[in-house]
Structures are given as structure tokens and as C-alpha cells.
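The values are calculated or read from the model by the stated rules, or taken from the named source; none is laboratory data. Every value quoted in this text rests on a predicted model; they were computed, and no experiment measured them. Note that each Cβ is placed from the backbone with ideal geometry, even for glycine, and that neighbours are counted across all protein chains shown.
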Amino acid sequence: MSVTIEQVKKIFHHLESGNQELFFKNVADNVNWKVMGTHPLAGDYHSKENFISNTFQRLGLLMKDNLILEVNNILLQDDVAAVELEAKSTTLNDSPFNNTYCWIVEFKDGLITNVRAYVDSALVQKVIDENEK
């Protein structure tokens, strides 16, 4: 049975409310997550733990508050969703972090198993350069 738009909205709502832990309960432990681009967070991650520690946690440490991702649009076909997101956060040096994302998310048995994430590489690089010590 294919995932529904309502299920995708419910899962991604956790990112909008800043509850990343609940979002990641819907991600397979052995997820394949590819972050596109040429910035320090870009690369292939082959587990949930590896992805979280090298991207979400690293970037989160550079924000004043939780990294909030708001969903702008969801397109769904069978078990693949294209989810457009926008970050609404502030960096440690008081700069707005208004990044845009598009995640192509594949589901199997209700869990996210594969992701290709497109981000504003230049903004990620700038935030890391200016805020990471």
C-alpha cells in the first residue's frame, strides 16, 4: 500500500514543530541519504545515525534555537514524495538562515528509506565558515 499525502504531512510536521526526534522515528536505521552539493555537509550517508550526526547536529550547533524546517509543498507519486522545505532559523552570529530544500523521499513499509536532498550550498558554506569554531 502506497504512502498517502496525509502521512507525509504528519511525518514532516515534526520538523516544523522542532521535534526532530519524532521525525527521525520515521526514518529507517539503514537509510541511504545523499546530500547534494559541494559544501561540507554534502555526501552519501548510509545510516540514520551517520546522517544525523554529520548534518542535522552539526548544523544545529550553529543555530541559536532549534533548526525549524517548514514544508512549502509536497508532490507524491506512489511511494516517492518531493518535499519542498524552508529553514526559518537564526545563526549564532545573528544572521538569518533562510535556506531552501527539496528532498526526494522514498518510503517502504511507512519508513523513509532513501533521500536525495538539494540545498543552497553557498548558504550552508557561509554559515559554517562564519559560525563553526
Residue by residue through region 73-103, note down the ones that are part of a strand (DSSP E or B) and surrounded by fewer than 13 Cβ atoms within 10 Å (Cβ to Cβ).
-> 73, 77, 96
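Among the acidic types (Asp, Glu), assigned to a strand (DSSP E or B) and buried (at least 16 other Cβ atoms within 10 Å of the Cβ): which single residue out of 106, 70 fits that description? Walk me through it before giving the result.
Working: 70 fails: buried (at least 16 other Cβ atoms within 10 Å of the Cβ).
One residue alone meets the criteria, 106.
When you go through 92, 67, 76 one by one, which is the residue that is hydrophobic (A, V, I, L, M, F, W, C), touching a Ser or Thr at 6+ places or on another chain (Cβ under 9 Å) and at pLDDT 95 or above? Even if it seems obvious, please write down each step before you answer.
Values: 92 fails: touching a Ser or Thr at 6+ places or on another chain (Cβ under 9 Å); 67 fails: at pLDDT 95 or above.
Going through 92, 67, 76 in turn, just one is hydrophobic (A, V, I, L, M, F, W, C), touching a Ser or Thr at 6+ places or on another chain (Cβ under 9 Å) and at pLDDT 95 or above: 76.
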Run down 49, 84 and say which single residue is over 11 Å from the mean Cα position of the chain (by Cα) and charged (D, E, K, R).
-> 49
Of (1) exposed (fewer than 12 other Cβ atoms within 10 Å of the Cβ); (2) within 13 Å of the chain's Cα centre (by Cα); (3) in contact (Cβ under 8 Å) with a residue 40 or more places away in the chain, residue 21 satisfies all except one. Which?
-> (3)
